[in-house]
Amino acid sequence: MYFTLGSVLCLISIALNVKAATIKKLSVDIGNNLTIKCPLLNSRDVMWEREGKVQSHNLKMTVLVNGSLYLQEVEKSDSGIYNCIRENDVKDIKGKVNVTVKSPPSPLIISIKPATVLVLLVWEVNGTGGYPIINFTAQYRLAITNSTWIPVSPNHIPPNARQVEIFSLKPNTTYEFRMWATNQLGRSPLVYVLGTTRGQYSEAGAEHFDTRWWAVAVGVVMGALILLGLGTCVLLYQECRMSPNVVEEPEIIELLPNIILNPGFEGPSHRSDITPDENWNNENPVRLNNNTIVQPQDL
């Protein structure tokens, strides 16, 4: 199989286009210098652009003799896609390089949920800076003072945590909180927030409560107690009035055994049609000292 010169040049052009279409990725820590090599072959006479714009007046960017781009003391804003283009190239082939500048974490997004003597501190991560977060740190103090910052326990909050409780606060008091995240390049910018704890006895709607309802409730309870006392007094009075009738019952019961044992015991009798015999029991009951005694009589 034979290849002509035209077909060889076409294959080379296709290979160059494929290579140029591939985006090369570079990363650099913030504050360092970076040299970007152009992905195109024979890239001595090239010009560079960032995000589609030529950076001819940027003093931090310098095109070297070999066509590489030199960036001095990169910043976070230097991240982006850089394109190198051959000068006077009608095909407009670009070599693309994606540069990522790694930095400390971005500022956290913080919110607080206050209670009476504690505060729930909640946060969101707005960016890790390119490196994993090592830990979080939070502190607090009384607001509008120059007092010492008090560290929140634990001092190094785990990287997977997103909230922490702060205890032993005073009710109805304003505190100032600050927090930051840390990775291997350093800590994020500090974020400050103010929060006021709730009052000790504050309840939703308590300030609008009508005290007259308390008076009505107390009146109802006192009326019920008075009615209960009157009912108890009536029952005791009736019990006292019924007590004299109850005293006579033991005498009746005390006579029953005598009636059963002595069938002829009937008290004084005016019957004269019955002839007394040796079993005749004619007795008159006499009450002495609340006891019943029998005085025998002559038959």
Lys24, Lys113, reordered so the largest accessible area comes first (probe 1.4 Å): Lys113, Lys24
Over the stretch 105-156, what percent of the accessible surface lies on carbon and sulfur atoms, probe 1.4 Å? 60
For Trp149, the accessible surface traced by a 1.4 Å probe with all protein chains present amounts, in square angstrom to the nearest 10, to 50
Going by average Cβ density within 10 Å per residue, which order do the peptides 156-168, 176-188 take, highest to lowest? 176-188, 156-168
Compute the distance in nm between two label points, each set 7 Å from the Cα along the Cα-to-Cβ direction, one at Asn33 and one at Asn58. 1.7
Over the stretch 47-136, average the accessible area per residue using a 1.4 Å probe and give it in Å², no decimals. 53
Would you grab the residues whose amide H sits under 5 Å from the one on Tyr131? Only those 5+ places off in sequence or on another chain, please, with H modelled 1.01 Å from N. Ser103
Under a point-charge model restricted to the Cβ atoms of Lys and Arg (+1) and Asp and Glu (-1), what is the dipole moment magnitude of the stretch 76-162 relative to its Cα centre, in debye to the nearest 20? 140
Accessible surface ranking that places the most exposed of Ser111, Ser68 first, with a 1.4 angstrom probe: Ser111, Ser68
5 Å-binned pair-distance histogram of the stretch 32-92 (Cα, whole percent): 4, 18, 31, 27, 13, 5, 1, 0
In terms of solvent-accessible area of protein heavy atoms at a 1.4 angstrom probe, what is the ranking of Glu124, Glu49, highest value first? Glu124, Glu49
Would you please give the FRET efficiency between Leu190 and Ala224, computed as 1/(1 + (r/R0)^6) with r the Cβ-Cβ distance and R0 = 51 Å, to the nearest 0.05? 0.20
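The values are calculated or read from the model by the stated rules, or taken from the named source; none is laboratory data. All values reported here derive from a predicted model rather than from experimental measurement. When we count neighbours, we look across all protein chains shown, and the Cβ atoms used for this are built from the backbone with ideal geometry, even at glycine. Note: accessible area is taken over every heavy atom of the protein model, side chains too, but ligands, DNA and RNA are not part of it. Shrake-Rupley method; radii C 1.70, N 1.55, O 1.52, S 1.80 Å.
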